Amino acid sequence: MEAVTKVATAYPDQKFLFVDGTITGCDKNVTSVSFRDNEKTFMLGMVAAMKTETNSLGVIAALNVDSLNMFVTGFIAGAEYVKPDIKVNVKYVGSFSDTTTAKEMAISLHEGGADIVATFSGGSGLGVFTAAKEDGFLAIGCDTNQCLIDPSCIMLSGIRKIDVVISDGIGSAIKGTLKGGATSAGLAENALTITNEGSKVELDPSYLDAAFKAGDKIISGELKVPSKLSEIGR
């Protein structure tokens, strides 16, 4: 981020687009776009709640910070939207690249009753997928289509459409309508979605249909998705 700030300050007449974060101090020529990730994880949580046979889910996040707890909050809220009494346990790896700890945590969640574990932990998530395959439970990935990593146990993934955000930003710059400052992108901007493409895990089509209908309500404003754990009593 420091590099962007330095270059943007040196070239004040040049427009810059920064995706997945916020640049401060250069609002006139830098457009920062963050993702409303709780919207897509809400949909993931809904599907997980419909799929679980134990009424217990697990979540593994890289760090206990607001940006990642947005993922966690959306997932829990989505699961509870479907089943208010569902159990959702959360663990934090402490790293984006500790596959060993993530695997151990996933196994612990499974032993505690979770038959589906979602990972919002970057590279650490590979440990979750390994545990899912070896221990016989299902996993959910995020940001890219991680179903393709192991179609036998990864049932679903949340997607960030970074290409759409960049394309829209470039289009606005060409039109001269790109405004500096911080903004966000979510379902309404077609910047997020969920998919089970490539997964071999059997998933009732009605589960996805229900999630996408909820997504439409999020877009219309009829359904408000919490973004902080405190909003859901955590």
Non-local residues with an amide H under 5 Å from the amide H of Thr31, with H modelled 1.01 Å from N and Pro and chain starts lacking one, are Phe16, Leu17, Phe18, Gly181
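Could you sort the peptides 9-15, 152-158, 54-60 by per-residue average Cβ neighbour count (10 Å cutoff), highest mean leading? Before the final figure, lay out the partial values.
On the way: 9-15: 10.6, 152-158: 24.4, 54-60: 22.3.
The densest-packed peptide leads the list: 152-158, 54-60, 9-15.
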Mean Cβ-within-10 Å packing, highest first, puts peptides 98-108, 175-185 in the order 98-108, 175-185
Between 0 and 90°, nearest 10: helix 125-135 axis offset from the chain longest Cα axis = 10
Long-range HN-HN contacts of Leu156 with modeled amide H, under 5 Å = Gly141
Sorting Met43, Met1, Met50, Met70 on the 10 Å Cβ count, fewest up front, what's the list?
-> Met1, Met50, Met70, Met43
Within the range 118-216, DSSP-loop GluC sites (Glu not before Pro) with at most 12 other C-beta atoms within 10 Å are Glu197, Glu202
Pair-distance profile P(r), taking every C-alpha pair of the range 84-234, with 10 angstrom steps and integer % = 10, 31, 35, 18, 5, 0
Footprinting proxy, Val19, Val128: sorted fewest to most Cβ within 10 Å, the residues are Val19, Val128
Any aspartates and glutamates with Cα under 18 Å of the Lys40 Cα? List them, leaving off those in the same chain fewer than 8 positions away.
-> Asp20, Asp66, Glu80, Asp143, Asp163, Glu189, Glu197, Asp209, Asp216, Glu222, Glu231
Excluding residues fewer than 8 positions from Lys91 in its own chain, the lysines with Cα under 17 Å of it are Lys103, Lys228
Between Asp163 and Glu202, how many nm apart are label points set 7 Å from Cα along the C-beta direction?
-> 3.3
Potential lengthening between Thr183 and Val65 on full extension [0.36 nm per residue; Cα-Cα distance subtracted] = 40.5 nm
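Each reported figure results from applying straightforward, stated rules to the coordinates on display, with no laboratory input. These numbers come from a predicted model, not from an experiment. As a convention, Cβ positions derive from the backbone with ideal geometry for all residues, glycine included, and neighbour counts pool all protein chains shown.
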